[in-house]
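Beneath this line is the structure, given in structure tokens, with notes to follow.
The values are calculated or read from the model by the stated rules, or taken from the named source; none is laboratory data. What you see is a predicted model; the values in this text were computed from it and never measured. Neighbour counts are summed over all protein chains in view; Cβ atoms, including those assigned to glycine, are modelled from backbone coordinates with ideal geometry.
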Amino acid sequence: MARATIKDIALAAKVSPMTVSNVINGRQAKASAETIDRIKAAIETLGYTPNMSARSLVSKASRMVGVLIPFTEDQNQLLLNNPFYAEIVSGIESALREAGYYMMLSGVRADGGRLETLQSWNMDALIVLGVYKERLYEELKAHDLPTLLIDSYIDDDHFYHLSIDDERAAFDATSYLIDQGHTQIALVTGLIRANGVVERRVAGYRRALEAHRIAYDPALVFSKSVTFDWGAEAAAAIVVNPGVTAAFCTADLIAAGLLAGLHRLGKRVPDDVSVLGFDNLPIASMVYPALTTVDQSIAEKGRLAGNLVASILDKRATPRETLIPTSIIVRDSVNRRS
């Protein structure tokens, strides 16, 4: 069966093709309500769908938004292996779809090797997660597209920014453990890079210790990767220090691994070691014991990112900087020490 065209809709609704085009593209001021209803009825009856390729050629807009996830660690070459990315990308796609935009998802190397391919798809805008000030950043700036950076500490007015206050969130998390009577607190984290999210969370951890007059011990900081396996591996390093009564993990994925590792080594959580995570992923309520964690509303963060980009493309007033609040979700993995 041949695909319905605007001319077919016009014939069925007994109006001109120009009127149909105006109604489809939101220019309805000159059409009566009765005419609009006839056109909509014809569209539904004939099963008309717009030809996006043709529309983009005419308007020079593809309504396509590229979502880029840089590979900042060797372990994340499987793009959605980290549930954080799966959740935030789902939120982005949902918001863009509701706003009439489409999403193309791609992993990219730090050297920006895939940007030429994305450019050939005529992207209208980009959303980039966790980029650092390296070659990828320079290429993003050179493409001169509206670009929203999520969880990036690049100070450049060329970009829009969406983030949390990572240092404050880590300060609050560490302070919560201290308030529960813990003074020797391990930090288990991903790779620490200059001007990155992990660096800010480490800074928040250190500031909380200082604020409570607890000496910082670099031997209690365990840094490698944001993976379940690293959390499980770090358990062995923690249990050899009997003074450690709590661990703050800068990602729930690490915390889930740490719980598994502690269980295997015969340690009870939270009786022997309390564990606090970061993100409030669905996995936080699935592990045993259920994980006390920092909530940053990841799905809603993704939806907000999609809505911000739609606002930019629709030429509405859009803030350059958007900060999302965090909170601590108390479950069962942290106890109070006497």
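A few points about this structure:
- Under the condition of being in a helix (DSSP H, G or I) and aliphatic (A, V, I, L, M), the residues counted in the range 268-314 number 11.
- Yes/no for residue 279 being more than 16 Å from residue 186 (Cα to Cα) and either hydrophobic (A, V, I, L, M, F, W, C) or within 15 Å of the chain's Cα centre (by Cα) (or both): yes
- Scan of the range 171-220 for residues that are surrounded by fewer than 20 Cβ atoms within 10 Å (Cβ to Cβ), of a type in the set (Lys, Arg) and either at pLDDT 95 or above or closer than 17 Å to residue 255 by Cα (or both), ordered by number: 206, 207, 213
- The lone exception for residue 229 - which of (1) within 23 Å of the chain's Cα centre (by Cα); (2) part of a loop (DSSP other than H, G, I, E, B); (3) surrounded by fewer than 18 Cβ atoms within 10 Å (Cβ to Cβ); (4) not assigned by TED's automatic domain parsing to the domain that holds residue 130 it fails: (2)
- Filtering 151, 155, 179, 172 for residues that are closer than 30 Å to residue 275 by Cβ and without any contact (Cβ under 8 Å) to a residue 24 or more places away in the chain leaves a single hit, 179.
- Screening residue 261 against (1) part of a helix (DSSP H, G or I); (2) within 19 Å of residue 169 (Cβ to Cβ) leaves a single unmet condition, (2).
- Residue in the range 196-209 that is among the hydrophobic types (A, V, I, L, M, F, W, C), in contact (Cβ under 8 Å) with a residue 40 or more places away in the chain, touching a Gly at 6+ places or on another chain (Cβ under 6 Å) and under 28 Å from residue 274 (Cβ atoms) present: yes
- Filtered residues of the range 69-99 (kept if among the aliphatic types (A, V, I, L, M) and modelled with pLDDT of 90 or more): 86, 88, 89, 92, 95, 96, 99
- Here the range 282-317 is the region considered, the condition is being among the aliphatic types (A, V, I, L, M) and within 12 Å of the chain's Cα centre (by Cα), and the residue that is surrounded by the fewest Cβ atoms within 10 Å (Cβ to Cβ) is 299.
- In the range 231-242 there is at least one residue that is of a type outside the set (A, V, I, L, M) and at pLDDT below 95.
- Filter result for residue 55 (at pLDDT 90 or above, surrounded by 11 or more Cβ atoms within 10 Å (Cβ to Cβ) and charged (D, E, K, R)): no
- Screening the range 30-49 for residues that are more than 23 Å from residue 63 (Cα to Cα) and loosely packed, with under 12 Cβ neighbours inside 10 Å and picking the one that is modelled with the lowest pLDDT gives 30.
- Screening 265, 313 for residues that are more than 27 Å from residue 207 (Cβ to Cβ), without any contact (Cβ under 8 Å) to a residue 60 or more places away in the chain and among the hydrophobic types (A, V, I, L, M, F, W, C) leaves exactly one candidate, 265.
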